[in-house]
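Visitor: Questions regarding the structure given below will be posed in turn.
Read-outs: derived from the displayed coordinates by stated rules, not from any lab. Predicted model, so just to flag it, every value in this text is computed and none were measured. As a convention, Cβ positions derive from the backbone with ideal geometry for all residues, glycine included, and neighbour counts pool all protein chains shown.
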Amino acid sequence: MSLPPLRRLSGPRATGADIVCFPYAGGGPSVFRQWPDALSAAGTVRAAHLAGREGRFHVPPTTDLKEQVTELTRAVAVLAPDRPLVLYGHSLGATLAAHVAQEVFPSRSAPSLLVVAARVPPWADPAPFPTDERPTEAWTDDEVLASFRWAGGIDSALSHDRELREVVMPVLRADAMLAGDRQYLGERAVDSPVLALYGTDDPIADAERTASWRRFTTGDFTHAPVSGGHLFVNTHGTQVTARVAKALGRLTGPFDSDRGDAPG
């Protein structure tokens, strides 16, 4: 039986807001395995479970952005519309979360919040990438791996492990193509609050570029730093969940959101 595109990470008794997390390229639900404990007072944590990884190995990963967004939108749209909804996306996941938000937020009756982390919107200047201008689908395996190493997403040992490369390359290539696919995000697409997070040492999505997410909403916009590089969700996860908890507390009212905020 095929696993669904959303995996529930919180236990059966969790209530409150629905918190749906979208991982970075190459990642899976396990990126957010500690979030249910950190956000137990806030709501129920689920994670996008893209094909080709962590139990969905038998499903070929898609390289089509619209196809991936459609699958995730359908999964999120069935969540209770009268419960607050938070979409958190990191890097590629931020692009997916923003696409889903512009589809599902307008039809919901409860407050919604979008958190985009370590990602530049399509109307901002991208960070210079150390490769040529050929389309992603034309990259060699070594060039795909180089792009993930540049972002800090893989161990350099992967380059020399042929068997492991054969397992992970389809996912890495598919996600690289999703990240490079033409986006169809609209400016002022939502009226819900948007929180944009950036890593203080991130060369890809810095403070200036991530501030451009302001143009995605007609509602409140918050722009905040988190310690670390591009994948700060791995290295400074407690700062990230504190930021999310505080933003959700402002959205829905206090629920023990004063357990600490991220510095800065």
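Visitor: Note down the magnitude of the dipole of the chain about its Cα centre, charges +1 on Lys and Arg C-beta and -1 on Asp and Glu C-beta and zero elsewhere, to the nearest 20 debye.
Guide: Details: 26 positive and 31 negative charges, 182 e Å.
Charge dipole, the chain, about its Cα centre: 880 debye, nearest 20.
Visitor: I'd like the Karplus ³J(HN,Hα) series for segment 28-33: coefficients 6.51, -1.76, 1.60, θ = phi - 60°, whole numbers in Hz, and an x wherever there's a Gly or Pro.
Guide: x, x, 5, 4, 10, 5
Visitor: Here are several values of mean projected area of the Cα convex hull in nm²: (1) 13.3; (2) 17.1; (3) 18.2. Which one was derived from the coordinates shown?
Guide: Only one listed value fits the structure, namely (1).
Visitor: Next question, about the same structure. Run through the DSSP bridge list for the chain and note the antiparallel percent, rounded to the nearest 5. It would help to have the intermediate numbers written out before the result.
Guide: Working: 3 of 30 bridges.
About 10 percent, rounded to the nearest 5.
Visitor: Next question, about the same structure. How many angstrom separate the Cα center of segment 165-205 from the Cα center of segment 15-46?
Guide: Their Cα centres are 18 Å away from one another.
Visitor: Computed FRET efficiency, Cβ-Cβ of Glu208 and Met169, R0 41 Å: what is it to the nearest 0.05?
Guide: Numbers: r = 33 Å, r/R0 = 0.81.
For R0 = 41 Å, the calculated efficiency reads 0.80.
Visitor: Sticking with this one: Pick out, in residue order, every one of the trypsin sites (Lys or Arg not before Pro) in segment 169-252 that is DSSP loop and has at most 16 other C-beta atoms within 10 Å; say none if there are none.
Guide: Details: sites: Arg173, Arg182, Arg188, Arg209, Arg214, Arg215, Arg243, Lys246, Arg250; in loops: Arg182, Arg188.
Listed in order of number, the matching sites are Arg182, Arg188.
Visitor: What list do you get for Trp150, Trp123, Trp139 if you sort them by fewest beta carbons within 10 Å? Walk me through the numbers on the way to the answer.
Guide: Working: Trp150 16, Trp123 12, Trp139 19.
Result, fewest neighbours first: Trp123, Trp150, Trp139.
Visitor: Now for a separate question. Taking every DSSP beta bridge with both residues inside segment 1-94, roughly what % is antiparallel (nearest 5)?
Guide: Expressed as a percentage, antiparallel bridges in segment 1-94 total about 25.
Visitor: Shape verdict for segment 1-117, please, from the Cα gyration tensor: rounded (a/c under 1.5), prolate (a/b greater than b/c) or oblate. Each step should come with its number before you reach the end.
Guide: Numbers: a/c = 1.61, a/b = 1.23, b/c = 1.31.
Oblate, since a/c reaches 1.5 and b/c is not below a/b.
Visitor: Same structure, new question: So which residue, out of Leu251, Leu113, Leu197, gets the largest mean-square fluctuation from a GNM of the chain using Cα contacts under 10 Å as springs?
Guide: Leu251
Visitor: What value, in deg cm²/dmol to 500, does the helix sum -39500 (n - 2.57) over DSSP H runs of n ≥ 4 give at 222 nm once divided by the residues of the chain?
Guide: Values: 8 runs with 83 residues, N = 264.
Result for the chain, helices only: -9500 deg cm²/dmol.
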